[in-house]
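Enquirer: Got a structure for you, written out below as structure tokens; questions coming shortly.
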Amino acid sequence: MSIVAAYDRTSDHVVGLTASSFVTLSFDPPLVMFAIQHNTASYASMVSSRAFGVSLLQQSQTDIAALFATSGPEKTGKTTFEPGRALHVPLIPGALAHVECLTNQIFISGDHAIVVGLVEEARTFDGQPLLYFAQRYGTFRPLDAE
Ligand SMILES: Cc1cc2nc3c(=O)[nH]c(=O)nc-3n(C[C@H](O)[C@H](O)[C@H](O)COP(=O)(O)O)c2cc1C
């Protein structure tokens, strides 16, 4: 599970949302993508942002995933963000990975926009990922685990 967040180009306020659509797209150049629904409060700021940050959450961060699945600006006021190393992007402290991207391409598809980002910085940290299935949060268990 990931939190995609950006600074609004005009106000510099943080916008962000919980997203399961974040995936890697290309190795060379290094591209990633996520899809954002047209009717989210973050939509206009996100599709016009020059850069965005992605925080892949740890299994202990279900509260953050739930908070960022709520709509509107209140959630960002309740959150402390970490600055990006390479770009002006907001990141969630304590995440499993941080990815800093320049907004590269936007495709409108159905009721979502697909936002493609060029990765400028990516860091991973120790921990277990937060996953989501059948409306429940969980974590990864390898099939060959004893
Ligand atoms: C598990 C989960 C995954 C989600 N993935 C996405 C996603 O990939 N794209 C999207 O637009 N919304 C997704 N959402 C919904 C947004 O998080 C939700 O609409 C949020 O309220 C949007 O915030 P905003 O209106 O403040 O922008 C997801 C929600 C959950 C619970």
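The values are calculated or read from the model by the stated rules, or taken from the named source; none is laboratory data. Only a predicted model underlies this, so the values are computations on that prediction, with no experimental measurement involved. Glycine also receives a Cβ, built like all others from the backbone with ideal geometry; neighbour counts cover every protein chain displayed.
Enquirer: Considering Gly110, Gly127, Gly117, which residue is of a type in the set (Gly, Ala, Ser) and either touching a Phe, Trp or Tyr at 6+ places or on another chain (Cβ under 8 Å) or within 19 Å of Ala6 (Cα to Cα) (or both)?
Expert: Gly117
Enquirer: Considering segment 95-126 alone, what residues qualify as being outside any strand (DSSP E or B) and either of a type outside the set (Phe, Trp, Tyr) or under 15 Å from the mean Cα position of the chain (by Cα) (or both)?
Expert: Ala95, Leu96, Gly110, Asp111, Asp126
Enquirer: Test Thr24 against the criterion of being assigned to a loop (DSSP other than H, G, I, E, B) and at pLDDT 95 or above, and give yes or no.
Expert: no
Enquirer: Within segment 29-41, can you find the residues that are in contact (Cβ under 8 Å) with a residue 60 or more places away in the chain and either more than 11 Å from the ligand (Cβ to nearest atom) or part of a loop (DSSP other than H, G, I, E, B) (or both)?
Expert: Pro29, Pro30, Leu31, Val32, His38, Asn39
Enquirer: Among the candidates Ala44, Ala51, Ala6, which residue alone is more than 7 Å from the ligand (Cβ to nearest atom) and touching a helix residue (DSSP H, G or I) at 6+ places or on another chain (Cβ under 6 Å)?
Expert: Step by step, each of Ala44, Ala51, Ala6 is checked, and only Ala6 is more than 7 Å from the ligand (Cβ to nearest atom) and touching a helix residue (DSSP H, G or I) at 6+ places or on another chain (Cβ under 6 Å).
Enquirer: Before we move on, is Thr79 in a loop (DSSP other than H, G, I, E, B), more than 7 Å from the ligand (Cβ to nearest atom), closer than 23 Å to Tyr132 by Cβ and touching a residue at least 12 places away in the same chain (Cβ under 8 Å)?
Expert: yes
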